[in-house]
Amino acid sequence: MAPQNSGEKTKLLIANSLRKLMKKKSLDKIKIREIVEDCNVNRQTFYYHFQDIYALVEWIYTYDGMQIFNEYKNDCDWMTMIRKMFDYLEEHQEEIKCVVNSKAEKFFYNFVHEKIGLCSRMVVEFISKDMTVDSCYKSFIADFYTFAVCDVVENWMRNRSSTRISSDELIHLFELTMLGNVKAALERFEQETIKLREADKNS
C-alpha cells in the first residue's frame with residue numbers, strides 16, 4: 001500500500017533510517033540525533049510524529065502489520081497467513097533480533113500476536129459461516145489457536161540460534177497439526193448444540 005499523505009511518508013522515512021541503523025548497532029544505543037541526521041529531518045519533525053524511539057518501533061510494527069493484513073484479509077487460509085508471517089520474519093531477521101534484544105521487545109511480540117489473532121478470527125468466522133456455533137465458542141477457539149501459534153513462534157524466535165528447526169520445517173509442523181482441526185472442532189460443537197436443543201424439546 002502506497003503512503004497516503006506527507007505525514008505517513010515522513011514517518012516511513014524516519015522508520016527506514018532506524019531500520020538502517022539497527023543493522024549496525026543495538027536499538028537501545030541508537031540516538032534520535034543519528035536517526036534525524038540519516039534521513040535529513042530535524043528533531044522537531046521527529047518529535048512531532050513520535051514521542052521517542054520506542055514509539056517509532058511500535059509504529060513500524062503497526063504499519064507493517066496492516067500491510068500484511070490488507071494483502072491477505074480476503075484469503076481465509078491459515079497456512080497462507082503463517083507463510084506470509086515467516087516470510088516477514090526471514091526478511092527482517094536482523095532487525096527483529098535487534099528489537100527483541102531491547103526494551104522494545106514487547107512491540108514485536110504484540111505485532112505477532114495481533115496478526116495471528118486476526119487470522120485466527122477470520123478463519124473461524126469463514127469456516128463457521130453456515131454452522132450453528134455461538135460467538136463464545138468461536139472466540140474461544142480463535143484465542144486457543146492464537147495463543148498456541150504465538151507461543152510456538154515466540155519460542156522459536158528466542159531460541160533460533162540453537163534450534164535445529166528451520167522456518168520451512170516449522171511451517172510444515174503447523175500444517176500437519178492444524179489443517180482440518182478448526183473445522184472438526186466447530187462441527188463437534190455444532191452437533192452437541194443440536195443434540196442439546198433436541199433434548200430440551202423432548203424434556
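The values are calculated or read from the model by the stated rules, or taken from the named source; none is laboratory data. These numbers were taken from a predicted model, which means no experiment stands behind them. Neighbour counts are summed over all protein chains in view; Cβ atoms, including those assigned to glycine, are modelled from backbone coordinates with ideal geometry. Side chains are part of the model used for accessible areas, which takes the heavy atoms of the whole protein and leaves out ligands, DNA and RNA. Shrake-Rupley method; radii C 1.70, N 1.55, O 1.52, S 1.80 Å.
Got a sec? Which of Gln51, Gln67 is surrounded by fewer than 17 Cβ atoms within 10 Å (Cβ to Cβ) and within 30 Å of His172 (Cβ to Cβ)?
Residue meeting the stated conditions: Gln67.
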- Note on the structure: Of those in the range 133-170 that are at pLDDT 90 or above and β-branched (Val, Ile, Thr), the residue nearest to Asn101 (Cα to Cα) is Val152
- Note on the structure: Within the range 1-38, the residues that are over 17 Å from Glu95 (Cα atoms), buried (at least 18 other Cβ atoms within 10 Å of the Cβ) and more than 22 Å from the chain's Cα centre (by Cα) are Val36
- Report yes if Tyr145 is aromatic (Phe, Trp, Tyr) and under 21 Å from Thr80 (Cβ atoms), otherwise no. yes
- Note on the structure: Looking across the range 169-203 at residues that are assigned to a helix (DSSP H, G or I) and among the hydroxyl-bearing types (Ser, Thr, Tyr), the single one that is nearest to Val149 (Cα to Cα) is Thr177
- Long-range neighbours under 6 Å by Cβ, at least six apart or interchain, first residue of a type in the set (Phe, Trp, Tyr) within the range 41-56, second modelled with pLDDT under 95: Tyr54/Ala104
- Message: Six or more apart or on different chains, Cβ atoms under 6 Å: show the pairs whose first residue is in the range 1-13 and farther than 20 Å from Glu34 by Cα and whose second is modelled with pLDDT of 90 or more and β-branched (Val, Ile, Thr).
- Response: none
- Message: Residues that are among the hydroxyl-bearing types (Ser, Thr, Tyr) and closer than 24 Å to Tyr63 by Cβ: does the range 110-132 have at least one?
- Response: yes
- Pair list, Cβ under 9 Å, 6 or more apart: the range 79-90 residue closer than 13 Å to Asp168 by Cβ and part of a helix (DSSP H, G or I), other residue open to solvent by 50 Å² or more (accessible area, probe 1.4 Å) and modelled with pLDDT under 85: Met79/Leu179
